[in-house]
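Here, each number is a calculation from the coordinates, and none is a lab measurement. Since the structure is predicted, the reported quantities are computational estimates derived from the model, not experimental observations. Here Cβ is always computed from backbone atoms with ideal geometry, including for glycine, and neighbour counts include all displayed protein chains.
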Amino acid sequence: MSICNCKLIELPKITDPRGNLSFIEGGQHIPFDINRVYYVYDVPGGSDRGSHAHKNLHQFIVAMSGSFDVVLNDGKETKRFHLNRSYYGLYVCPMMWRDLDNFSSGAVCMVLASEHYDEADYIRDHSEFLQLANS
Ligand code: TYD
């Protein structure tokens, strides 16, 4: 999997004077069916999240509130994405090392995932990741 497979995806936005509305349908706006939703919030200033990769998991990351950066590495190339709007998100394919940093205060990071939680799908050792990604 190359970092080129990861991309920002703009979501539908129904603008309305009463408040805007965006929506995400699995397999339609993002290239996988959604089996799990989780969110990270109350992140203390200066904290980082992530620092792992997944063998098979597809994810879509949205800044529901505030902002943060997602840094992706495919074993060769690194790209930094700044997320700060709730009407677009970052699609992350399997076998991407990810670091999340630069959280603003009040940031909420929502992640849509293609599979239920499975610790066996994680690669938490960076040298093991580099070995697998480049093999
Ligand atoms: P982790 O995925 O390492 O967090 P992040 O990538 O946001 O830094 O998960 C942190 C802890 O939460 C870890 O002990 C596993 C647990 N967890 C679940 O139980 N279910 C889940 O869906 C997720 C994402 C994590």
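Return yes or no: is D69 free of Cβ contacts under 8 Å to residues at least 40 places away in the same chain and within 30 Å of N134 (Cβ to Cβ)? Show your work before the answer.
Numbers: free of Cβ contacts under 8 Å to residues at least 40 places away in the same chain: yes; within 30 Å of N134 (Cβ to Cβ): yes.
Yes: the conditions hold for D69.
Just to be sure before I move on: is D16 away from the ligand (no atom under 16 Å from the Cβ), surrounded by fewer than 17 Cβ atoms within 10 Å (Cβ to Cβ), of a type outside the set (S, T, N, Q) and part of a loop (DSSP other than H, G, I, E, B) in the structure I sent? Before the answer, list the steps.
Details: away from the ligand (no atom under 16 Å from the Cβ): yes; surrounded by fewer than 17 Cβ atoms within 10 Å (Cβ to Cβ): yes; of a type outside the set (S, T, N, Q): yes; part of a loop (DSSP other than H, G, I, E, B): yes.
In short, yes.
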Applying the selection to the range 86-112, what residues are aliphatic (A, V, I, L, M) and surrounded by fewer than 21 Cβ atoms within 10 Å (Cβ to Cβ)?
M95, A107, V108, M110, V111
The conditions are (1) in contact with a helix residue (DSSP H, G or I) (Cβ under 7 Å, 6 or more places away or on another chain); (2) under 16 Å from S2 (Cβ atoms), and I123 fails exactly one of them. Which is it?
(2)
Positions within the range 15-35 being within 16 Å of A113 (Cβ to Cβ) and out of contact with any Ser or Thr (no Cβ under 8 Å at 6 or more places or on another chain), in sequence order:
I24, E25, G26, G27, H29, I30, P31
Hey, among the residues in the range 40-63 that are surrounded by 15 or more Cβ atoms within 10 Å (Cβ to Cβ) and touching a Phe, Trp or Tyr at 6+ places or on another chain (Cβ under 7 Å), which one's nearest to M110 (Cα to Cα)?
F60
The number of residues in the range 43-69 that are within 13 Å of the ligand (Cβ to nearest atom), assigned to a loop (DSSP other than H, G, I, E, B) and within 23 Å of G27 (Cβ to Cβ) is 1
Taking the stated definitions as given, is V37 surrounded by fewer than 16 Cβ atoms within 10 Å (Cβ to Cβ), closer than 29 Å to N20 by Cβ and touching a residue at least 40 places away in the same chain (Cβ under 8 Å)?
yes
Test L83 against the criterion of being surrounded by fewer than 20 Cβ atoms within 10 Å (Cβ to Cβ) and of a type in the set (A, V, I, L, M, F, W, C), and give yes or no.
no
Taking interchain pairs and intrachain pairs at least six residues apart, which have beta carbon atoms under 7 angstrom, with the first residue in the range 45-66 and closer than 16 Å to E119 by Cβ and the second assigned to a strand (DSSP E or B) and more than 10 Å from the ligand (Cβ to nearest atom)?
H52/I123; A53/W97; A53/I123; K55/I123; Q59/V92; Q59/L112
